[in-house]
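Quick notes on the structure that follows.
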Amino acid sequence: MIVCGVELTGSDAVVCMLNMDRGQFNLPDCKVRKLSLPKNHSRDDLKTFQATFAALMADCGVATVAIKERMQKGKFAGGAISFKMEAAIQLIADSELNVTLVPPALVKSTLANNPVPIAFADTGLKAFQENAFITAYVAQLSGTNR
C-alpha cells in the first residue's frame, strides 16, 4: 500500500511516496517532489493545486495521504497558506483516498520504538523531503494508512 507523506511549509507541499510490501519498504518512482501554491493565490489557483495533487495521487496509486500536523498557535505555528493547502487536500473528492494528520507525538513515539532502518542519505531523496519521508514511514507503521 502506497502512502504519500506530506510536509506543508510556506506555500509548498513537499511529498514523498513510500510503499510497504511484505514487510519491506521501498520508494516508488515519483518525479514530483513538491507542489506549490502562489503566495498571492486566487480561488482558481487553489482549485488547480487540489486537482494537481489529486491527479498525482491517482497516477502514483496512493491509498493514503499522511500530512505532518502543524501547530495552530505559538512560535512554530503553521502559516495560513499551509492550512488552506491542507484543507484542499482533505477535501479531495476521491473516496478511495484516505487523508490523515500525523501528530508530532505519534512521530516521536513511533520512531523511538521503530527507528528508520536506513540512513536518510541512503534513500536517494532530496534533503528537504526528509520530514515528508518520516511522516510516510510513521503512517505506514502506526496503521494510520488504513
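Key figures
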quantity: Check on SER109, within 15 Å of VAL14 (Cβ to Cβ), small (Gly, Ala, Ser) and in a helix (DSSP H, G or I); calculated: no
quantity: Residues of the stretch 57-82 that turn out to be surrounded by fewer than 16 Cβ atoms within 10 Å (Cβ to Cβ) and polar (S, T, N, Q), as a count; calculated: 1
quantity: Condition check for ASP94: in contact (Cβ under 8 Å) with a residue 40 or more places away in the chain, of a type in the set (Asp, Glu) and out of contact with any Leu (no Cβ under 9 Å at 6 or more places or on another chain); calculated: yes
quantity: Within the stretch 126-146, considering residues that are without any contact (Cβ under 8 Å) to a residue 12 or more places away in the chain and in a helix (DSSP H, G or I), the one surrounded by the fewest Cβ atoms within 10 Å (Cβ to Cβ); calculated: ALA127
quantity: Subset of the stretch 83-102 (residues that are surrounded by fewer than 16 Cβ atoms within 10 Å (Cβ to Cβ) and within 12 Å of the chain's Cα centre (by Cα)); calculated: GLN90
quantity: Of all residues making up the stretch 12-27, the number that are part of a loop (DSSP other than H, G, I, E, B) and touching a Gly at 6+ places or on another chain (Cβ under 8 Å); calculated: 1
quantity: Among (1) of a type outside the set (A, V, I, L, M, F, W, C); (2) touching a helix residue (DSSP H, G or I) at 6+ places or on another chain (Cβ under 9 Å); (3) within 15 Å of VAL6 (Cα to Cα), the one test that GLU86 misses; calculated: (2)
quantity: Matching residues, the stretch 105-125, being closer than 25 Å to ALA54 by Cα and either of a type in the set (Asp, Glu) or surrounded by fewer than 13 Cβ atoms within 10 Å (Cβ to Cβ) (or both); calculated: GLY124
quantity: Single match in ILE92, ILE118, ILE67 (criterion: within 20 Å of LEU141 (Cα to Cα), at pLDDT below 95, outside any helix (DSSP H, G or I) and hydrophobic (A, V, I, L, M, F, W, C)); calculated: ILE118
quantity: Residue match in the stretch 35-54 (condition: on the phi < 0 side of the Ramachandran plot, touching a residue at least 40 places away in the same chain (Cβ under 8 Å) and among the acidic types (Asp, Glu)); calculated: no
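The values are calculated or read from the model by the stated rules, or taken from the named source; none is laboratory data. Owing to the predicted nature of the structure, the values given are computational and were not obtained by experimental measurement. No Cβ is skipped: glycine too gets one built from the backbone with ideal geometry, and neighbour counts run over all protein chains shown.
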